[in-house]
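Working notes, beginning with the structure itself.
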Amino acid sequence: MRFSSKVVIVFILLMARSEAFASEMDDFNTHFRLLPAPQKIELVKGKGLSFNGLRSVCLKGLNKSPVLYGPLENLPHADQPGEGTVTLELSHDRALPESPEGYIMEIKDSQVLIKGKSEAGIFYGCQTLLQLIEDASDQQITIPSCKIVDYPGVAYRAVHWDLKYHLDTEKYYYDMIDRLARIKINAVIVEFEDKLRYVKEPEVSAPHAISIQEFAAISRYAKERHIEISPLVQGLGHVSFLLKQDRYKRLRDNPKSDWVIDPLNPDTYRLQFALYEDAMEATPGGKYLHVGGDEVYNLGMSERSKKSGMSTIELQLYWLNKVCEFARQHNRTPIFWDDMVFSTTGLYGTMRNDGKITSEEVEKIWKDNQPKLEKMIERFPKDCIYMRWNYDFPKVAGNIKAIEWFHSHNLKVWGAPATQDMSPMLSRQSSIYQPTKEFCEIATNKKIEGMLTTAWDDSSPHFETYWRGFHDFASLTWNYQDIGAAKAHQAFRHRFYAPALSEDVYEFQDTLEIALNFWDTALINKGHRRHYPYKMDLISLPDPARSGEWGNTYKIKIRRAKEELDRYKVIQEKIIKNQRLARRNHFALELFYVMNELQVYPSRLLLLLDNYDKVPSAEKGPAREEVMKYVSSFAELRKQYEDVFSQTRFIANPEGYILDQNNDPMLANGTNNSDWMHVFELAINKRIKEWDK
């Protein structure tokens, strides 16, 4: 087949134009890393917008201006659109996305138009505009003419505030709301436990709890920024915050444990409903009431339960129906952790394995046990949201089958990955990126309407360490993209710190995670830091009469300590570079810096002990002095870390605070002061001081 020369020329011109457009888009995506990434960006002809080019705001169809941040905050109002004006228009244009949170933004000829069907859509358009302005300002460049069409993939995008073992300053909660709004998070589930000052059951509250009125003000502030706060009040299980109190011990399902409450005691509901009422008053505007209900081990030990003849799942569903009816009567939709309905029917193991159970075995387990679920289906509340949580392997067959089972029975199921599991100091696995990504992929494919990223307080890391995980979750729930952690975290550093820090050479958080894996266990023979206070098998100390023996016993730890000392230096150097170039979030970098200084203590101590063990007897005196000098320095190292940590967080409980008994060990529940943060260091230092004598 032959083509005329004109056809060939047209083809060449079209190819050249396509390549030029692709190059322009690549350039745009390099300089402007929007997070979450919009659904569609189209570059158009025309003059763009300088980063300081906006002079006014024009409202169309809006009775009042939405909450505006940064360079948009104090713009005067204009009557008409024009050059230097951002126009915010409430519109019913059919071209707008179906989602009420969707928007269209057009930037052209030094002006901006943001249209949305709702105030939320316009608000989110403003967040995207602010990111464009921020990037243009940081890099001293112009925002090119473009059209953005954007909307969320998941309607309900919530983060978890777990206040179980700590409180932050009130100002910090307001600051977190602003920062979450900037990345289009639209909900918070707050787990109060005893950190709310309950009025109807005041004995539950910790002495330093936040008042209902104070938290209601935070909730209203959040609502103005299109973030809805709903409470999580643990029930059935995880109720140590209640049952540790003498007044409520009579409600224990097991008299020896404060973990599970008796589902057949009428006073259980009088107590729980009183807490619900106060928690709902503290969260005005919230649509949901999360009732907990997970990890209810050994349910059915009370005399009432034994006499009832009810099975474990019957007890679980009896309680669930009671609390769901309360939520229904108070115009709240109940949310329930779903694990126990599968655990009590022999299916839960298929949701937690990492491929160790074959697909054939999963099918057999479900075939054998699913009838137990089906038998109880009429007792499942129809208006409850069943929250399917999986923090490690959301793609395992059992997890998928559980989601499909709910769907097959027209029961609403939402998903819950994790930003923080139980790791001390800092989340691991690249902020649990891969499991979060996989669960968000499932949510996208199966059209799951709601997702919650949990941030558990068991080891109580600082909230500032959660932001990378929060950004990952915000991105993947708004606009799921099949990208790896490295690329996602380039966008995070660009957005969170500065465009200059997006390249991989500035990545330090993953390296710090690796360092902390050794810090967790460096000073113990077996176990893990997160298992304190139940397990502490400290390493032994060198015997001066047996030189070299100690070093041989701990040769693997010593080799790793040398590696960690090198790793510490790399992390320190990278954080310092980040601090020099960062334009925002300097407090996070300050916290990571002192965290790195603290985590290297065990490595340096091991190397000093190894040196003492190896040197001849005549040199052991000076070597011992080096050990003792370093041990004495720990108090200052601890103070340095806690001085930064406590800038936004209260790090000690009031005098007389009763710690939870708990069913599982939880590091932050170890002491009323901050000793739990340094439990192995303090223990080994004490032993070394005795050894020195």
Under the rule a/c < 1.5 gives rounded, and otherwise a/b versus b/c splits prolate from oblate, where does segment 636-693 land using the Cα gyration tensor? oblate
For Leu565 paired with Ser50, estimate the spin-label separation in nm (one decimal), with each label point 7 Å from Cα along the Cα-to-Cβ line. 5.5
Over segment 186-279, the quotient of the Cα radius of gyration and 2.2 N^0.38 Å is 1.15
For Glu503 and Asp692 in the same chain, what is the full-extension length gain: residue separation times 0.36 nm, less their Cα-Cα distance, in nm? 63.2 nm
If I model a spin label as a point 7 Å beyond the Cα along the Cα-Cβ vector, how far apart are those points for Lys526 and Asn369 in nm? 2.8
Expressed in angstrom and rounded, the centroid-to-centroid distance over alpha carbons for segment 118-171 and segment 658-676 is 36
Eigenvalues of the alpha-carbon gyration tensor of segment 56-107, times 5 and square-rooted, give semi-axes in Å, largest first, of 20, 12, 11
Using a 1.4 Å probe and ignoring any ligands, DNA or RNA, find the accessible area of Lys629 and quote it in Å² to the nearest 10. 140
Expressed to one decimal in nm², the mean projection of the alpha carbon convex hull of segment 407-477 is 4.9
Length-normalised contact order for segment 366-522 - Cα pairs under 8 Å, 6+ apart - percent: 21
Relative contact order (percent) for the chain, with alpha-carbon contacts under 8 angstrom and 6 or more residues of separation? 12
Log entry: pair-distance distribution for segment 559-634, C-alpha pairs binned every 10 Å from zero, whole % per bin is 18, 37, 27, 14, 5, 0
Check: C-alpha center segment 318-387 vs C-alpha center segment 467-512, spacing in Å is 34
Over the C-alpha atoms of segment 64-172, what are the Rg and the largest Cα-to-Cα span, Dmax, in Å? 16.4, 53
Roughly how many percent of the accessible protein surface of the chain is carbon and sulfur, given a 1.4 Å probe and a whole-percent answer? 50
So, in Å, what gap is there between the alpha-carbon centers of segment 389-425 and segment 231-294? 24
Taking only C-alpha positions in segment 454-524, Rg and Dmax in angstrom work out to 14.0, 44
May I ask you to order 224-233, 31-40 by the average number of other C-beta atoms within 10 Å around their residues, highest value first? 224-233, 31-40
Give me the dipole magnitude in Debye, nearest 20, for segment 339-391 about the Cα centre, with unit charges on the beta carbon: positive for Lys and Arg, negative for Asp and Glu. 120
Just to be sure I understand the model, the point goes 7 Å from the Cα along the line to the Cβ. What's the resulting Lys555 to Asn410 distance in nm? 6.9
Sorted from largest to smallest, which semi-axis lengths in Å does the alpha carbon gyration tensor of the chain give for its equivalent ellipsoid, taking the root of 5 times each eigenvalue? 44, 37, 26
Keeping all protein chains in place, calculate the accessible area per residue for the chain (probe 1.4 angstrom), answer in Å². 42
D_trans [Stokes-Einstein, Kirkwood Rh over alpha-carbon pairs] for segment 365-414, 25 °C, 0.890 mPa s, µm² s⁻¹: 210
All-pairs alpha carbon distance profile, segment 507-628, 10 Å steps from 0, percent: 13, 36, 30, 16, 5, 0
Length-normalised contact order of segment 479-612 in % [C-alpha pairs under 8 Å, at least 6 apart]: 31
Would you work out which of Tyr630, Asn254, Met351 lies farthest towards the positive end of the dipole of the chain, given +1 charges on the beta-carbon of Lys and Arg and -1 on that of Asp and Glu, about the Cα centre? Met351
Of all GluC sites (Glu not before Pro) in segment 401-449, which ones are in loop regions per DSSP and have a Cβ with at most 16 other Cβ atoms within 10 Å? Glu449
Find the all-direction average of the projected area of the Cα convex hull for segment 544-693, expressing the result in square nanometres with one decimal place. 12.0
Under 30 Å between alpha carbons, and skipping anything fewer than 8 positions from Lys47 in its own chain: which lysines qualify? Lys60, Lys64, Lys108, Lys115, Lys117, Lys147, Lys184
Fraction in percent of alpha-carbon pairs per bin - 10 Å, segment 243-327: 16, 48, 29, 6, 0
Dipole moment magnitude, nearest 20 debye, the chain about Cα centre, only Lys, Arg, Asp, Glu C-beta charged: 660
Kirkwood-type radius of segment 338-389, with distances r between different C-alpha atoms, in Å: 12.0
Estimated FRET transfer efficiency when R0 is 35 angstrom, pair Glu449-His77 (beta carbons, to 0.05): 0.45
What does the extension gain come out to for Glu277 and Tyr221, with contour length at 0.36 nm per residue minus their alpha carbon separation? 18.1 nm
For segment 469-562, one quarter of the surface area of the C-alpha convex hull, expressed in nm², comes to 9.5
Volume of the Cα convex hull of segment 308-443, divided per residue and given in Å³: 139
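The values are calculated or read from the model by the stated rules, or taken from the named source; none is laboratory data. Bear in mind that the values here come from a model prediction, so they are computed numbers and not experimental data. Because the Cβ atoms are built from the backbone with ideal geometry, glycine has one as well, and the counts that use them run over all protein chains shown. What goes into the accessible areas is simple: the full protein's heavy atoms, side chains included, and nothing from ligands, DNA or RNA. Shrake-Rupley method; radii C 1.70, N 1.55, O 1.52, S 1.80 Å.
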